[in-house]
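The values are calculated or read from the model by the stated rules, or taken from the named source; none is laboratory data. All values derive from a computational prediction rather than experimental measurement. Cβ sites come from the backbone with ideal geometry, for glycine too, and all protein chains shown count toward neighbours. These area figures cover heavy atoms from the full protein model, side chains too; ligands, DNA and RNA do not enter into them. Shrake-Rupley method; radii C 1.70, N 1.55, O 1.52, S 1.80 Å.
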Amino acid sequence: IMGKTLSELTSLYLNKNKIDSILSLKDLSASDNATVGESIILFQENLITDFDISDAVKFHSDSKAELTAVLTEPDSAGCTKGLCAAVNKDGIITSFSSNANTASPFLYSFAGIFIIDSTSSLINSAALSNFTAENILSAALTSGIRINGCISADKFIFVNTQNDYIRCHEMIMSEGINKFYLDTK
């Protein structure tokens, strides 16, 4: 988990999804006796979603990929903000760009969740320690690592501004996060 804006909310989300251990990126290394087949989930902490992470973990495991990026369908205007990834017919990410402004059916928005095989060379890379999606995708594409795109129809909300943050906490304190989530759909 990177960032500290919604620590408790993120913990609740991960517990709900049966994620039983949380590590700091600086504590990760491929030499930590990682078991083949285990996955590490990188979760952008300013993210609010009711996405069932087990769907993406199963997709990742079944595809035997080193890296899976959770993507979401663009709205009717296309992929107009954030990180947009191009996915080929086999579900493999072939390129990405920031703030693409196109309605191309081949571009999907990055949803803020990566799943990485625990034995991947990315675990010890500078790209992972900096944890920006651009750094991770760039390092993976440069290294020739296959990046799967798990496309979800769920809603992903990012708490980016002070007003978002204040509204989020007001909702949590008064009516619970479900009310905040439903109001933004």
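With A127, A56, A100, A140 as the choices, which residue is part of a helix (DSSP H, G or I) and modelled with pLDDT under 80?
Of the residues listed, the single one that is part of a helix (DSSP H, G or I) and modelled with pLDDT under 80 is A127.
Looking at region 148-175 only, could you name the residues that are of a type in the set (G, A, S) and closer than 22 Å to T72 by Cβ?
Correct list: G149, S152, A153.
In this structure, is D62 at pLDDT 85 or above and loosely packed, with under 15 Cβ neighbours inside 10 Å?
Spelling it out, D62 is indeed at pLDDT 85 or above and loosely packed, with under 15 Cβ neighbours inside 10 Å.
Quick check: is even one residue across region 175-184 modelled with pLDDT of 80 or more, in contact with a strand residue (DSSP E or B) (Cβ under 6 Å, 6 or more places away or on another chain) and not in a helix (DSSP H, G or I)?
no
Looking at region 106-121, can you tell me whether even one residue there is at pLDDT 75 or above and open to solvent by 50 Å² or more (accessible area, probe 1.4 Å)?
Within region 106-121, one or more residues are at pLDDT 75 or above and open to solvent by 50 Å² or more (accessible area, probe 1.4 Å).
Go through region 143-163 and report how many residues are assigned to a helix (DSSP H, G or I) and in contact with a helix residue (DSSP H, G or I) (Cβ under 6 Å, 6 or more places away or on another chain).
Final tally of qualifying residues: 0.
Pairs under 7 Å by beta carbon, first residue basic (K, R) in region 61-72, partner loosely packed, with under 15 Cβ neighbours inside 10 Å, six or more apart or different chains?
Final answer for the pair search is none.
Output the residue which, of all residues in region 133-160 that are open to solvent by 70 Å² or more (accessible area, probe 1.4 Å) and farther than 20 Å from F96 by Cα, is farthest from the chain's Cα centre (by Cα).
Applying the filter and picking the extreme gives N160.
Among the numbered criteria (1) open to solvent by 20 Å² or more (accessible area, probe 1.4 Å); (2) modelled with pLDDT of 80 or more; (3) out of contact with any Lys or Arg (no Cβ under 9 Å at 6 or more places or on another chain); (4) of a type outside the set (S, T, Y), which one does L23 miss?
The one condition L23 does not meet is (2).
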